[in-house]
Amino acid sequence: MSLSSLIVQREIATMRQVEEALARQVIYGGDLVTNLLEVAQVDEGILVGLLAESMRLVPAPSGHLPEASDRVKALVPREVAIERTIVPLEVQGDGKLVLAVAEPLGRDIEEQLRFALGMAIEQRAAPAVRVLEAVSRAYGVPLERRMLRLIARLSGGLAELGSTPPP
């Protein structure tokens, strides 16, 4: 079942909100989750669970993604993290690299990473805004103003950066 269908079926957002998010996606780009978070007050944790279900992956933690150690970050080159919208989270005790992904990696890409690193890969679903935030933190990549506004809003901060709230 598609993510948009799951969202409406489970009453996380209304059909109108999903349609508005899809329309924004066409105009402004980005993924459905980012656009929905911009237009509706939805529970991010529940949304992460539905995203993971639609991707058939384990969900990453909701909210700010945990920062990996320098050793783990070094496993995924900056360019790969940016291009694929992925960020390493940890290496588990069994030697498996856990990645937060905004979209599932294709089998060929996952196989290339597995071969290059010599370790198994586990993908965990996360909203693009959270993966981009973690990539920014891990690799020093600047975020677009749109993502900064959304992160600030999700964190309970001001929606507009560099401005004062209206009286």
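The sole residue among Arg149, Arg130 that is part of a helix (DSSP H, G or I), within 23 Å of Leu50 (Cα to Cα) and either of a type outside the set (Gly, Ala, Ser) or touching a Phe, Trp or Tyr at 6+ places or on another chain (Cβ under 8 Å) (or both) is Arg130.
Which residue, of Glu122, Glu90, Glu103, is assigned to a strand (DSSP E or B), in contact (Cβ under 8 Å) with a residue 40 or more places away in the chain and open to solvent by 20 Å² or more (accessible area, probe 1.4 Å)?
On the way: Glu90 fails: in contact (Cβ under 8 Å) with a residue 40 or more places away in the chain; Glu103 fails: assigned to a strand (DSSP E or B).
Only one candidate qualifies: Glu122.
Restricting to the stretch 31-45, name every residue that is among the aliphatic types (A, V, I, L, M) and over 11 Å from Leu154 (Cβ atoms). Working first, answer last.
Just the residues of the stretch 31-45 that are among the aliphatic types (A, V, I, L, M), to begin with: 32-33, 36-37, 39-40, 42.
Those that are among the aliphatic types (A, V, I, L, M) and over 11 Å from Leu154 (Cβ atoms): Leu32, Val33, Leu36, Val39, Ala40.
Taking (1) more than 17 Å from the chain's Cα centre (by Cα); (2) farther than 20 Å from Arg114 by Cα; (3) in contact (Cβ under 8 Å) with a residue 40 or more places away in the chain in turn, Leu75 satisfies each apart from (2).
Residues that are more than 18 Å from the chain's Cα centre (by Cα) and open to solvent by 10 Å² or more (accessible area, probe 1.4 Å) are absent from the stretch 38-60.
In the stretch 56-75, the residue that is nearest to Val101 (Cα to Cα) out of those that are hydrophobic (A, V, I, L, M, F, W, C) and out of contact with any helix residue (DSSP H, G or I) (no Cβ under 8 Å at 6 or more places or on another chain) is Leu57.
Looking at the stretch 26-37 only, could you name the residues that are under 15 Å from the mean Cα position of the chain (by Cα) and either of a type in the set (A, V, I, L, M) or open to solvent by 40 Å² or more (accessible area, probe 1.4 Å) (or both)? Quick ask: steps written out before the conclusion?
The initial filter retains those residues of the stretch 26-37 that are under 15 Å from the mean Cα position of the chain (by Cα), namely 29-37.
Of everything in the stretch 26-37, those that are under 15 Å from the mean Cα position of the chain (by Cα) and either of a type in the set (A, V, I, L, M) or open to solvent by 40 Å² or more (accessible area, probe 1.4 Å) (or both) turn out to be Gly30, Leu32, Val33, Leu36, Leu37.
The values are calculated or read from the model by the stated rules, or taken from the named source; none is laboratory data. Small disclaimer: the values here were computed from a predicted structure and weren't measured. With ideal geometry, Cβ positions are generated from the backbone for all residues, glycine too; neighbour counts draw on all protein chains shown. For accessibility, only protein heavy atoms count, side chains too; no ligands or nucleic acids. Shrake-Rupley method; radii C 1.70, N 1.55, O 1.52, S 1.80 Å.
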